[in-house]
């Protein structure tokens, strides 16, 4: 049995010992028995480079089992692997969102490693995402960009899979890096695998758009994933998450949601944390910060007082309004200030003071859509210890950062003693 795929013929083969594989050879031009010089050169480059990756023991790719010993090679054999879609959706059943995210996180890890070697795949799409030897793997490096190799595709050709193609790869200029495009294509692949559809909607993943919603697949957990998808499909490549950052955010989402997520009925789909579609980005960040604080404050109150309700609820303070609970970080109006600190608001909360007058304060400072998390242990106007970290509060990693700060504050308070 054989099929035609991309730049080559694909044949299913079997060794005498019963091992099955897929033999790939260059495809002749239409109406001719000859293989064009362009196709042959690209094919030969794929064989050589895949042999290098296989020899180097790079995991997460479908390796080369055998190849034509002649130079230039005319064929190579890969092991037979299963499409990832078939593993995630056996018998056509809907995929479980957490399993999809976990698989795409593993693919992102492989692509991040390849990016570190100067390699971009440039053809990421579900048919090229496989399951091999018990883990997700990437296949078909036919149009990959390799280090120290001249570009073989002209700027008049689109570069990548049509429905998963990043905007900058439609008519790429020479030297256009493929790494950001791989992030875009992988995020689009995540969406279609989770949604159970063939092709993704066009453009940046808009968290308010119904066509971009994974609410039915994961409810509130899917809403936590939406900002990651949005940043992975930012229109400008420089605004997009790197592959390593995409991997890290997917890992953070998995940490935040350790159990299988519960699908929700589409009829009950809410907007982004019940905010209207017209809500400004800053308001989204403000609302998310206020949503995240109570869980950590209950934890800190229990550690300090043995009761989870011994804390003051978080609130947002307008720009340049003095915040009594966070004096060291507040930005009151100061007519003598030489420059504007640019703080647009802050959300803070604090435990009730203990017998020694100590309280634990936790909050964040909003500067546009950037947030600085801040925590303090205070006693009678003095700061005994403090913590800060810059985050994008919409991403799962922000919750992990908030948990880490709260954990360190809890440990520091315990060391102070009664």
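Tabulated values for the structure
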quantity	calculated
Members of segment 233-249 that are under 23 Å from residue 118 (Cβ atoms) and assigned to a helix (DSSP H, G or I)	237, 238, 239, 243, 244, 245, 246, 247, 248
Unmet criterion (only one of (1) over 16 Å from residue 25 (Cβ atoms); (2) out of contact with any helix residue (DSSP H, G or I) (no Cβ under 8 Å at 6 or more places or on another chain)) for residue 66	(1)
Per-region count, segment 170-213, residues closer than 22 Å to residue 141 by Cα, touching a residue at least 40 places away in the same chain (Cβ under 8 Å) and in a loop (DSSP other than H, G, I, E, B)	2
Segment 177-227, residues that are crowded, with 23+ Cβ neighbours inside 10 Å and farther than 21 Å from residue 102 by Cβ	178, 180, 181
Strands (runs of 3 or more DSSP E) fully within segment 341-418 counting 1 or more residues that are touching a residue at least 60 places away in the same chain (Cβ under 8 Å) and more than 28 Å from residue 241 (Cβ to Cβ)	358-367
Meets criteria (at pLDDT 95 or above and out of contact with any helix residue (DSSP H, G or I) (no Cβ under 6 Å at 6 or more places or on another chain)) for residue 370	no
Tally of residues being in a loop (DSSP other than H, G, I, E, B) and buried (at least 23 other Cβ atoms within 10 Å of the Cβ) across segment 84-118	0
Residue in segment 312-326 that is assigned by TED's automatic domain parsing to the domain that holds residue 404 and modelled with pLDDT of 85 or more present	yes
Members of segment 214-232 found to be in a loop (DSSP other than H, G, I, E, B) and within 14 Å of the chain's Cα centre (by Cα), listed by number	none
Output for segment 329-367, where each listed residue is surrounded by fewer than 17 Cβ atoms within 10 Å (Cβ to Cβ) and at pLDDT 90 or above	352, 353, 354, 355, 356, 357
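The values are calculated or read from the model by the stated rules, or taken from the named source; none is laboratory data. A quick note: this is a predicted structure, and the numbers were derived from the prediction, not measured. Quick reminder, even Gly has a Cβ in these numbers, built from the backbone with ideal geometry, and neighbours come from all protein chains shown.
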